[in-house]
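Notes follow the structure.
Laboratory data are not the source of any read-out in this text; all were calculated from the coordinates shown. Just so you know, these numbers come straight off a predicted model, no measurement behind them. With ideal geometry, Cβ positions are generated from the backbone for all residues, glycine too; neighbour counts draw on all protein chains shown.
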Amino acid sequence: MVVACGSPSSKARNDQSKRATEQTPGSNSKAKKSHSPQEESGENQAPLTKTSVRTFYTKYAAQNSNNQIIIETDFGSITIRLYQNTPLHRANMLYLTEQDYFNGTWFHRVSKGHVIQAGNNDEPATVEKRKALGEYTIPAEALDKNYHKKGAVAAARSYSNNPQKRSDPFEFYIVLGSTFTSGQLKAMADKEGISFSPQQTEIYTTVGGAPHLDGEHTVFGEVLEGMDVVEAISKVEVDSGEWPLKNVPIRVRIP
């Protein structure tokens, strides 16, 4: 199960969302192509694997300086800044965008007041796309530095047999969350046996977000423009599995 958190109401649909199964659509604009190491050497890129992904994306990140992507939806556009301190995740988002993976996938999960999750759908063609790109996961990055503030963009991951908290490459989510009082954060910390730094406390008492996800998922970017679009998508009607009753297709491009 690939999830943005362990929300009980998400289980019904998330069980259909295995890694190597799905995707999403959108507008007519085309992504600006960057080049993979293999393209520049005239080679075709073989499907990525858990063992090859670090080498490939380290080289790809060094050769591609882009740090923004734009998600286009029927509700409007969302501009994302990709963090430099998560180079493997930045490279993955750029590479998958270049390969047109996200085009035709959906915001397939809307957890009210919590997150909206994209990069999947229930179409067989998505399974084939994933197989062609490779069955791989991405090593966790900056778990103790990047936080789940409102507008943060993070990678979904499996919670089963994944002690290293490696990320699913195909699905990501944008955080909504809420603000907390210092007392609420202390109660959460005591209950979960964790602690919040002064920086985290400042973020979650002012900006808001989802503090219980810190350290569990790689946060690799944030919304620069379009939080109003995120808010609009978060209000769509969903079923008991948190899937929108009406598809929310996306298209992702590099500006």
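Details
- Here is the list for the stretch 169-255: GluC sites (Glu not before Pro) lying in DSSP coil, each with at most 16 other C-beta atoms within 10 angstrom of its C-beta, are E237.
- Hydrodynamic radius (Kirkwood) for the stretch 108-148, which is based on Cα pairs only, to one decimal in Å: 13.1
- For the stretch 146-255, chymotrypsin sites (Phe, Trp or Tyr not before Pro) meeting the loop criterion (DSSP other than H, G, I, E, B) and having at most 14 other Cβ atoms within 10 Å: Y159.
- Cα pair count fraction exceeding 28 Å, expressed as % - the stretch 65-209: 23
- Subset of K191/K235; K149/K186; K150/K246; K50/K191; K59/K150 violating a 28 Å alpha-carbon distance limit: K191/K235; K50/K191; K59/K150
- Relative contact order of the stretch 108-217, pairs being alpha-carbon contacts under 8 Å that are 6 or more residues apart, as %: 33
- Ellipsoid semi-axes for the stretch 102-177, based on the Cα gyration tensor and the rule √(5λ), read 22, 18, 10 Å when sorted largest first.
- Positive end of the dipole of the stretch 36-174 (Cβ unit charges, origin at the Cα centre): among V127, Y83, A142, the Cα lying farthest that way belongs to A142.
- About the Cα centre, charge dipole magnitude for the stretch 117-184 (Lys/Arg +1, Asp/Glu -1 at Cβ), debye: 260
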